[in-house]
Amino acid sequence: MNELNMTILFAGVIAGAAPILLATLGETITEKAGLINLSLDGTIMLGAMTSFVVAYETGSIVMGFASAAVVGALIAAIVAIFSIYLDQSQVAVGFVLTLMARDLAYFLGNPYTRIHGPTVKPLSIPLLEDIPFFGEVFFNHNLLVYFSILMIGLCWWYIYRTSNGLILRSVGENPRACFARGIDPKKIQLLYTMCGGLLVGLAGATFSLCAKPGWGRPQGAEGTGWIALALVIFGGWHPVRAAIGAYLFAFLQVLGIYLQGWFPSIPAQVFQVAPFPLMIFTLLLINIVQKESVLELAEGKMWMKSILGVFSGAMPTALGRTYKTD
Amino acid sequence: MSSSQDTASKFFRYSRELILALVVVFAFTTFILLLAGAPPLAAYYHIFKGSLGSLGKLSHVIKAWIPLTLCACGLLYSFRIGLWNIGVEGQVMVGAVFTTFVLRLGMEGHVPVFYLVVSCIAGIAGGALWALIAGYLKTKGGIHEIFAGLGLNFVAQAIILWLIFGPWKRAGIASMSGTEMFPRDLWLPSVFAIRLSVIGLTLTVVAIVITALMLRYTKIGLYLKALGSNVQAAHMFDLNPRRYMLLAMIFAGGFAGLAGSIQVTGVYHRLIPAISSNYGYLALLVVMLANYNVWISPAVAFFFACLNVGSIQLPMVLHLDSSLSGVIQGALVLAALAMHAWRLQSARREEHVSSYE
């Protein structure tokens with residue numbers, strides 16, 4: 001285990017990134033429409049618990065995933081309705097739901113802790129899996145991993161290449177103008193917040209049915225939601241860049257397991273924390289890059305511009321500001 | 001309408017809303033309990049008995065009330081200027097770390113009182129420092145205080161674990177049970193029978209009064225409120241919003257640090273991994289439910305402390321998870337927000353009607 005094996009390392013990154021990737025893509029869609037759903041961490045936990053319990057009781061993994069998707073969409077709907085229609089702070093509602101959904105998951109999942117339940121079986125893709133290195137890294141996973149990779153492209157295509165995606169983006173940029181064009185921004189925001197929440201719920205199910213099978217207190221998925229929220233910013237509200245962020249994060253996590261093997265005296269939790277200071281650091285970089293003095297400095301220097309480009313990203317203009325009809 | 005009548009009708013409406021919210025939450029909790037296959041009445045009974053059933057239980061409630069109220073006091077400053085100080089949890093932890101650091105120096109000392117006082121001041125300074133980092137990341141780095149604070153919470157937790165398993169580990173075995181227990185003369189003096197620190201209780205009451213006076217009668221309180229409600233107006237008063245944001249963070253962190261300090265000197269007498277016990281996060285809910293009111297916050301904190309302490313009985317007696325308290329607390333805040341929205345909308349409707357008359 002202490003030997004660094006590149007194939008296992010990268011295969012682990014691709015597999016480990018699946019849940020956080022789904023959560024990050026979901027939140028990217030939500031925030032593109034101009035709403036912040038802060039409840040991610042709790043939604044993931046409740047989704048994980050629900051899917052495990054449903055899959056265990058019905059014996060159907062599909063039912064497990066479906067129930068987690070419903071839970072995710074419902075919590076997102078609460079956030080959306082409170083902020084869009086009831087005029088309450090979306091940050092406040094999201095935060096309350098973060099804690100509440102997690103506690104609800106612990107409470108209702110209590111009888112199902114530390115029991116063996118159904119898990120998603122690996123499904124290697126014939127022929128492709130025989131390619132040396134790449135076959136092992138990319139084509140020897142379970143269905144959810146493939147789904148998460150497909151979702152990156154699908155999200156990008158939907159947001160940037162379809163007319164519905166155009167409406168989604170315009171609601172996040174200028175809801176007032178959308179209203180003038182006969183689009184109800186509130187309905188659109190509610191819809192995409194729920195779509196995003198659906199993916200976040202699936203992320204939870206991916207934890208309890210594949211990545212970290214089973215349920216318990218703690219489950220092991222705690223904190224992921226917050227990372228996903230940060231990755232959306234890291235990705236500059238672009239699904240592909242957010243996905244790169246998710247893989248970077250998964251890489252760090254896997255690396256942490258190896259580091260732990262090399263330094264057994266340091267408790268495991270210390271390594272698990274590493275992404276958080278890194279998150280602050282990247283957010284700091286993103287902001288520094290957007291300062292005018294830095295942009296002036298980079299004027300005329302191609303190499304510097306391309307570095308800065310990595311850390312720049314435009315926030316949807318109306319993000320976090322609830323649209324009011326007048 | 002005369003003003004006394006107005007107050008009476010307002011009071012009537014508030015209490016009607018409160019009762020309605022409580023009924024909704026009660027129904028919801030009962031539904032959750034039934035869903036878990038648990039007897040609701042027995043659960044409520046054990047929560048009540050486990051929190052207010054005896055003097056010993058009550059002292060546990062007050063032990064939880066102290067850090068909860070101190071954090072809530074601190075959060076009132078940061079909320080007033082519109083900051084979401086989610087980092088309060090980490091501020092409690094760093095306060096506890098600084099306090100432990102000073103007490104460790106005092107292990108061999110001969111003047112325990114001196115070390116106790118210094119450790120308390122160090123705890124406040126530690127919390128304030130951790131809040132100030134989040135504040136600078138916000139004002140200078142442009143990082144939203146939620147992400148800065150949250151990241152710092154995880155860092156603080158890692159520091160505590162590293163200290164407990166590394167430099168400050170107990171002789172022989174390092175474990176999750178924490179550092180070596182401090183000698184008795186480094187404990188905050190407590191009422192013997194119920195093991196409740198009177199000094200901690202007094203400090204908390206003082207904190208409430210100071211916060212109330214500060215927010216209401218001083219220029220700082222006025223400016224925090226002015227900046228919180230309208231940052232654009234800041235330049236008219238020649239105010240520097242960033243400076244006041246940092247100031248609010250220092251106050252918030254200071255009170256949180258004091259909470260962490262009392263957790264060490266008055267409750268656990270050592271540093272443990274869960275020294276903050278989620279009281280920081282919970283205090284955010286307390287302040288929201290209290291509608292950011294300094295006098296209502298301690299009362300809500302007391303109720304929350306009862307729920308927390310009482311629900312500890314649930315795993316032992318009914319084999320339920322103790323997190324039911326968190327579900328009730330969250331439901332209460334959501335219900336309060338919904339009521340608030342309802343009040344806003346009916347007020348707007350009344351306005352709308354009267355404008356046509």
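Rule-based calculations on the coordinates, nothing more; no lab input. What you are looking at is a predicted structure, and each value in this text was computed from that prediction instead of being measured. Methodologically, a virtual Cβ is constructed for each residue, glycine included, from the backbone with ideal geometry; neighbour enumeration extends over all protein chains shown.
So here's what we get for this one:
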{"quantity": "Selected from A:ALA298, A:ALA23, A:ALA15 as most flexible by GNM, with chain A as the system and alpha-carbon contacts under 10 Å", "calculated": "A:ALA298"}
{"quantity": "Over 29 Å [Cα-Cα, the range B:55-340], rounded percent", "calculated": "33 percent"}
{"quantity": "Selected from A:PRO185, A:PRO264, A:PRO277 as most flexible by GNM, with chain A as the system and alpha-carbon contacts under 10 Å", "calculated": "A:PRO264"}
{"quantity": "FRET E, pair B:ASP185, B:PHE101, Förster distance 25 Å, beta-carbon r, rounded to 0.05", "calculated": "0.90"}
{"quantity": "Assigned charges on the beta-carbon of Lys, Arg, Asp, Glu; the protein assembly as shown dipole about Cα centre (debye)", "calculated": "960 debye"}
{"quantity": "Dipole moment magnitude, nearest 20 debye, chain A about Cα centre, only Lys, Arg, Asp, Glu C-beta charged", "calculated": "500 debye"}
{"quantity": "Dipole axis of the protein assembly as shown (+1 Lys, Arg; -1 Asp, Glu on Cβ), positive-most option in A:GLY172, B:ALA259, A:LEU46", "calculated": "B:ALA259"}
{"quantity": "For chain A: span of alpha carbons on each principal axis (Å, largest first)", "calculated": "57, 52, 43"}
{"quantity": "Viscosity 0.692 mPa s, temperature 37 °C, Stokes-Einstein D of the range A:88-192 from Kirkwood C-alpha radius, µm²/s", "calculated": "179 µm²/s"}
{"quantity": "Relative exposure of B:LEU103, A:LEU144, judged by other C-beta atoms within 10 Å (fewest first)", "calculated": "A:LEU144, B:LEU103"}
{"quantity": "The range A:118-198: relative contact order in percent, alpha carbon pairs under 8 Å with at least 6 residues between", "calculated": "16 percent"}
{"quantity": "Projected label distance in nm at B:ARG242 and B:ALA299, using a 7 Å step from Cα toward the beta-carbon", "calculated": "4.1 nm"}
{"quantity": "Approximate shape of the range B:37-153 as ellipsoid semi-axes (Cα gyration tensor, √5λ), whole Å, largest first", "calculated": "31, 26, 11"}
{"quantity": "Rough spin-label spacing in nm, given labels placed 7 Å along Cα→Cβ, for A:LEU295 and A:MET315", "calculated": "1.6 nm"}
{"quantity": "Rg in Å to one decimal, and Dmax rounded to a whole Å, for the range B:204-357 via C-alpha atoms", "calculated": "19.9, 67"}
{"quantity": "Set A:LYS186/A:LYS324; A:LYS32/A:LYS187; B:LYS138/B:LYS219; B:LYS140/B:LYS225 screened for pairs whose C-alpha atoms are more than 20 Å apart", "calculated": "B:LYS138/B:LYS219; B:LYS140/B:LYS225"}
{"quantity": "Those lysines that a straight Cα-Cα span of less than 25 Å connects to A:LYS212, excepting residues fewer than 8 apart in one chain", "calculated": "A:LYS121"}
{"quantity": "At most 13 other Cβ within 10 Å, DSSP loop - GluC sites (Glu not before Pro), the range B:91-189", "calculated": "B:GLU108"}
{"quantity": "Extension reserve of the B:SER54-B:LEU344 stretch, reckoned as 0.36 nm per residue once the Cα distance is removed", "calculated": "100.2 nm"}
{"quantity": "Rg over Rh [alpha-carbon atoms, Kirkwood Rh] for the range A:188-326", "calculated": "1.04"}
{"quantity": "Set of lysines with alpha-carbon distance to B:LYS49 below 20 Å, sequence-local pairs under 8 removed", "calculated": "B:LYS57, B:LYS63"}
{"quantity": "For B:LEU196, residues with placed amide H under 5 Å, excluding near neighbours", "calculated": "B:VAL191"}
{"quantity": "Among B:GLY109, B:GLY254, B:GLY95, residue whose mean-square fluctuation peaks in a GNM of chain B (springs only between Cα atoms under 10 Å)", "calculated": "B:GLY109"}
{"quantity": "Sites B:TYR136 and A:ILE115 - FRET efficiency at Förster radius 51 Å, r taken between beta-carbons, to 0.05", "calculated": "0.60"}
{"quantity": "Leading residue at positive end of dipole, the range A:3-311 (Cβ point charges), from A:SER67, A:TYR85, A:GLN272", "calculated": "A:TYR85"}
{"quantity": "At least 24 Å along the helix axis (C-alpha) and Kyte average at least 1.0, DSSP helices within chain B", "calculated": "B:3-35, B:88-105, B:112-139, B:145-165, B:198-217, B:241-262"}
{"quantity": "Farthest positive-ward along the protein assembly as shown dipole, Cα basis, beta-carbon charges - from A:LEU128, B:PHE12, B:SER297", "calculated": "B:PHE12"}
{"quantity": "Lys, Arg +1 and Asp, Glu -1 on Cβ, resulting dipole of the range B:55-340 about Cα centre, debye, nearest 20", "calculated": "280 debye"}
{"quantity": "Axial C-alpha extent at least 30 Å, average Kyte-Doolittle at least 0.0 - helices from chain A (DSSP)", "calculated": "A:6-32, A:185-206, A:239-262"}
{"quantity": "The range A:146-267: radius of gyration over Cα atoms, expressed as a fraction of 2.2 N^0.38 Å", "calculated": "1.33"}
{"quantity": "Sorted by Cβ neighbour density within 10 Å, fewest at the top, the residues A:ILE149, B:ILE86, A:ILE188", "calculated": "A:ILE149, A:ILE188, B:ILE86"}
{"quantity": "R0 of 22 Å, Cβ-Cβ distance B:ALA171-A:SER265: FRET efficiency to nearest 0.05", "calculated": "0.85"}
{"quantity": "Relative exposure of B:SER261, A:SER306, judged by other C-beta atoms within 10 Å (fewest first)", "calculated": "A:SER306, B:SER261"}
{"quantity": "Binned Cα-Cα distances of the protein assembly as shown, short to long, each 20 Å bin given as a whole percent", "calculated": "17, 52, 29, 3, 0"}
